[in-house]
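Have a look at the structure below, then the notes.
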Amino acid sequence: MQRENILTLLIDEGSIRASNILYKRLLETVLFAQIRFHDTVSRGRLLNRFGKDFEDIDSDLADVVGSTVMYFVSVITTVVSITYIGGPGFLAGILVLGVIYIYVAKVYGQCSRDMRRLQSVSRSPLYSIYGETIAGAQVLRAFGAGSKFMRDMLSCVDTNTNPSYWQWGVNQWISTRFNLLSSGLIGLTGVVALLNPRVNASLAGFTLAFASTVTHDVCLPLLSPYDRL
């Protein structure tokens, strides 16, 4: 328990320090930028960078890095333990499944990165129109343009929500494929345990219990904390 508290403290301190350094550099860059920069970059884009992006750094980055390291060590421990018991036959089979795992994760990474990018890009116009509406509320009421801005804002909300819906679909896609690969790994472990005469019932149960945790340890680091709910 004490080691976990020390590790959590180190990760949190590192995250806060990194966030302070990045925020200071970003703020100095924006404040001392040329006038042309402020003419071409919208206020919503700046608010998006200072708001949501740094919220992810402060809230999620430390947790994602720590859990990724923990799950990676868990996967390596599982593979080494089962290979030690199963022998070279299991190692050859797990290398094949490992290649398939990497391919699926690569496809998921490309799709998820595009969805995140679309979600971040579509959030900036929403911030911009919200700020403009609040700043010019009197003018909008005077000219009766409130309903038009409301429709534009709702359109921006729909555009920003669509990538989240497709991101959920991509998460279900990778979850299904990783579950199938996990079933194949468990089946391979069972076959190796049956064919290996030196593997008794207790060792077979030990290897099967370890093999059933691979999907959990491999899939969760790929998902963000919000996607794991």
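The values are calculated or read from the model by the stated rules, or taken from the named source; none is laboratory data. Treat the numbers as computed from the prediction; the structure is a model and nothing was measured. Cβ placement follows ideal geometry from the backbone for every residue including glycine, while neighbour counts extend to all protein chains displayed. Note: areas computed on protein heavy atoms with side chains; ligands, DNA, RNA excluded. Shrake-Rupley method; radii C 1.70, N 1.55, O 1.52, S 1.80 Å.
Which of (1) farther than 30 Å from Leu185 by Cα; (2) open to solvent by 70 Å² or more (accessible area, probe 1.4 Å); (3) modelled with pLDDT of 75 or more; (4) not small (Gly, Ala, Ser) does Tyr84 not meet, given it meets every other one?
Only one criterion in (1) farther than 30 Å from Leu185 by Cα; (2) open to solvent by 70 Å² or more (accessible area, probe 1.4 Å); (3) modelled with pLDDT of 75 or more; (4) not small (Gly, Ala, Ser) is unmet by Tyr84, namely (1).
So which of Ile21, Ile6 is in a helix (DSSP H, G or I), more than 30 Å from Ala135 (Cα to Cα), modelled with pLDDT of 75 or more and hydrophobic (A, V, I, L, M, F, W, C)?
Only one candidate qualifies: Ile21.
Per-residue answers, yes or no, for (1) among the polar types (S, T, N, Q); (2) modelled with pLDDT of 80 or more; (3) crowded, with 16+ Cβ neighbours inside 10 Å; (4) closer than 16 Å to Val96 by Cα:
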| residue | (1), (2), (3), (4) |
| --- | --- |
| Asn162 | yes, yes, no, no |
| Tyr165 | no, yes, no, no |
| Trp168 | no, yes, no, no |
| Gln172 | yes, yes, no, no |
| Leu180 | no, yes, no, yes |
| Leu185 | no, no, yes, yes |
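Considering only residues that are of a type outside the set (Phe, Trp, Tyr) and in contact (Cβ under 8 Å) with a residue 60 or more places away in the chain, look in segment 60-76 and name the one that is nearest to Val121 (Cα to Cα).
Ranking the candidates gives Asp60 first.
Let me spell it out: the conditions are (1) assigned to a helix (DSSP H, G or I); (2) open to solvent by less than 90 Å² (accessible area, probe 1.4 Å); (3) of a type outside the set (Val, Ile, Thr), and Ala33 meets all of them except one. Which number is the exception?
(1)
Just one of Ser74, Ser81 is over 23 Å from the mean Cα position of the chain (by Cα), among the polar types (S, T, N, Q) and within 30 Å of Ser183 (Cβ to Cβ); which is it?
Ser81
If you check Ser59 against the conditions, is it open to solvent by less than 50 Å² (accessible area, probe 1.4 Å), under 30 Å from Asn20 (Cα atoms) and among the small types (Gly, Ala, Ser)?
no
Condition test on Ile129, is it in a helix (DSSP H, G or I), in contact (Cβ under 8 Å) with a residue 40 or more places away in the chain and of a type in the set (Val, Ile, Thr)?
Judged against the criteria, Ile129 is a match.
Could you tell me how many of the residues in segment 147-161 are touching a residue at least 12 places away in the same chain (Cβ under 8 Å) and either over 17 Å from Arg43 (Cβ atoms) or not aliphatic (A, V, I, L, M) (or both)?
The total comes to 6.
Tell me which residues, restricted to segment 198-212, are open to solvent by 70 Å² or more (accessible area, probe 1.4 Å) and touching a residue at least 24 places away in the same chain (Cβ under 8 Å).
Answer for segment 198-212, where residues must be open to solvent by 70 Å² or more (accessible area, probe 1.4 Å) and touching a residue at least 24 places away in the same chain (Cβ under 8 Å): just Phe206.
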